[in-house]
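What follows is a short report on a single structure.
Read-outs throughout are calculated quantities, based only on the coordinates presented, and are distinct from any laboratory measurement. Remember, it's a predicted structure, so these values are computed and weren't measured experimentally. Using ideal geometry, Cβ is built from the backbone for each residue, glycine included, and neighbour counts are taken over all protein chains shown.
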């Protein structure tokens with residue numbers, strides 16, 4: 001237990017410092033690490049959407065998956081399993097990214113935004129915790145997704161192979177790839193450093209099991225602080241380094257990629273929190289799990305990638321002006337879907 | 001290993017070799033063709049846009065030069081109506097309102113220009129006007145905050161402050 005505690009704090013430290021360092025080295029402000037933004041970028045680079053300003057292959061994502069794979073294989077934890085409500089997971093992955101797009105950031109970025117003094121991330125944190133709390137109520141009330149089963153090994157290698165292919169694309173730059181020369185796409189840290197940080201964090205996260213929503217869930221469910229300490233450390237580390245680098249700006253206004261629609265921020269992250277509990281992990285955790293042979297997490301990641309494309313195609317996102325109409329509809333639809341899934345997969349104790 | 005296994009492995013091997021050969025050949029040919037520098041391509045794009053803007057907004061710009069501001073504003077608005085997606089029109093109008101001292105309208109049109117074309121707040125593009133905009137926004141915020149304290153329910157002041165918050169967030173950068 002002690003070792004796990006240390007590892008989750010170490011992972012939190014790496015996540016907090018890594019996020020700020022990546023921003024310092026060129027990634028967009030407060031978006032040193034953001035799974036949803038990065039998946040949107042990758043979707044754009046693969047021309048799944050046509051917003052060239054958001055089109056780039058972020059090597060951090062490949063790093064997370066491959067770091068986790070290497071750690072899982074080297075410690076004998078690579079186990080290929082899946083088959084637990086794949087279609088539901090795919091759609092929840094999609095809605096998770098829709099929620100993130102309305103807030104403009106995933107739970108990791110929420111921590112980084114808080115660590116940079118962005119007070120607009122507070123309603124997001126409250127929303128995320130509320131969503132997790134509702135998810136925990138469903139867990140306690142009998143929510144059980146069907147149990148995953150062992151699967152042939154090739155299934156577990158699908159997402160790591162995709163991660164490798166992305167790196168290959170980034171290196172070879174095939175003609176069909178769209179890489180933006182302006183906007184956030186042009187803001188990126190040196191490739192090898194970004195990949196290295198991704199690999200390191202991926203490996204650590206595989207060992208520690210750090211998950212933003214998982215930490216909050218364990219706190220609500222079992223008063224277990226192990227993972228939560230990692231989250232707290234990520235926040236402390238990001239705040240400390242931002243203060244040191246002069247990138248800490250406390251306030252509600254003039255914050256990068258933020259808006260003032262706090263009610264929608266709350267609801268969007270409530271959706272992310274709830275759906276994360278239902279599929280056992282925040283967007284970051286899904287990548288890590290996919291690297292360990294979890295086919296369900298790989299399918300969720302594909303749902304997230306499709307989400308990353310459609311947030312632009314269907315305009316289900318926010319800008320600094322606030323959420324688009326499509327974004328609001330997606331959040332409400334996502335909440336209906338998540339609650340519907342939680343309701344339908346409840347196994348109530350029958351009274352005799 | 002039966003004959004189906006052997007045939008499958010042979011097929012995979014042959015196809016892999018063919019694939020690798022095709023990729024290498026393509027790569028060699030591609031490296032022989034002089035590659036277009038993406039930044040040059042982008043420069044040419046901005047130049048084309050600049051020329052297009054000059055043509056579209058030629059008349060109101062010349063009116064502005066002559067100091068006929070009211071007529072220039074009316075003409076800018078008419079052209080913007082016909083070309084609602086050309087961000088430069090909003091930017092020209094914002095500049096003009098700034099010249100005439102109408103701060104809230106100027107800020108509003110700067111916001112619209114940035115919404116239509118975020119390149120105005122992107123340091124990597126030749127359209128970047130962020131430095132001037134930062135000064136305008138911070139001065140405007142001070143002035144409008146004072147006005148808001150005096151007239152808390154004035155919708156014009158409230159809208160102008162919302163525009164300022166939008167511009168501040170865009171100027172701060174981020175992933176949007």
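Fewest Cβ neighbours within 10 Å first, please rank B:104, B:169, B:62 accordingly. Provide the component values of the computation, followed by the final result.
Details: B:104 20, B:169 26, B:62 12.
Least to most surrounded, the residues fall as B:62, B:104, B:169.
Rounded, prolate or oblate, given the Cα gyration tensor of the range A:1-156, with a/c below 1.5 counting as rounded? Rounded, because the longest to shortest axis ratio a/c is under 1.5. In the range B:116-137, whose amide N lies under 20 Å from the spot 7 Å out along Cα-to-Cβ of residue B:143? List them in ranges. What the label zone holds, given the 20 Å backbone N cut-off, is B:129-137. Counting only alpha carbon atoms, the long axis of helix B:87-99 and the longest principal axis of chain B meet at about 30°. Dividing the convex hull volume of the alpha carbon atoms of the range A:133-213 by its residue count gives 194 Å³ per residue. Pairwise Cα distances in chain B exceed 29 Å in 44 percent of cases.
Taking chain B as a Gaussian network of alpha-carbon nodes connected by springs under 10 Å, the highest mean-square fluctuation of the residues B:113, B:44, B:20 belongs to B:20. The fraction of Cα-Cα pairs per 10 angstrom bin, counted from 0 for the protein assembly as shown, comes to 4, 17, 27, 23, 16, 9, 3, 1, 0, 0 percent, rounded to whole percents.
So for A:231, A:339, A:21, fewest C-beta neighbours within 10 Å to most, what's the order? Arranged by neighbour count, lowest to highest, A:231, A:339, A:21 become A:339, A:21, A:231.
Over the range A:56-149, what is the relative contact order in whole percent, taking alpha-carbon pairs under 8 Å and six or more residues apart? Contact order relative to length: 41 percent. For peptide B:160-169, the mean count of partner chain Cβ atoms within 10 Å of a residue's Cβ comes to 5. For the peptides B:85-91, B:139-145, A:294-300, the ranking by packing is A:294-300, B:85-91, B:139-145, with the highest mean count of neighbouring Cβ atoms within 10 Å listed first. With a 10 Å cut-off around each Cβ of A:229-242, the average count of Cβ atoms from other chains is 0. For the range B:110-151, taking Cα atoms only, Rg and Dmax work out to 12.8, 40 Å respectively.
What percent do you get for the relative contact order of the range A:2-344 when only Cα pairs under 8 Å and 6+ apart count?
38 percent
Size check on the range A:252-351: the Cα extents along the three principal axes, sorted descending, read 52, 37, 26 Å. By the count of neighbouring beta-carbon atoms within 10 Å, fewest first, B:3, A:171 end up ordered B:3, A:171. Per the Debye calculation on the range A:202-264 with a single equal scatterer at every Cα and no solvent contribution, log₁₀ I(q)/I(0) for q = 0.12, 0.13, 0.18, 0.27 Å⁻¹ amounts to -0.47, -0.54, -0.87, -1.01.
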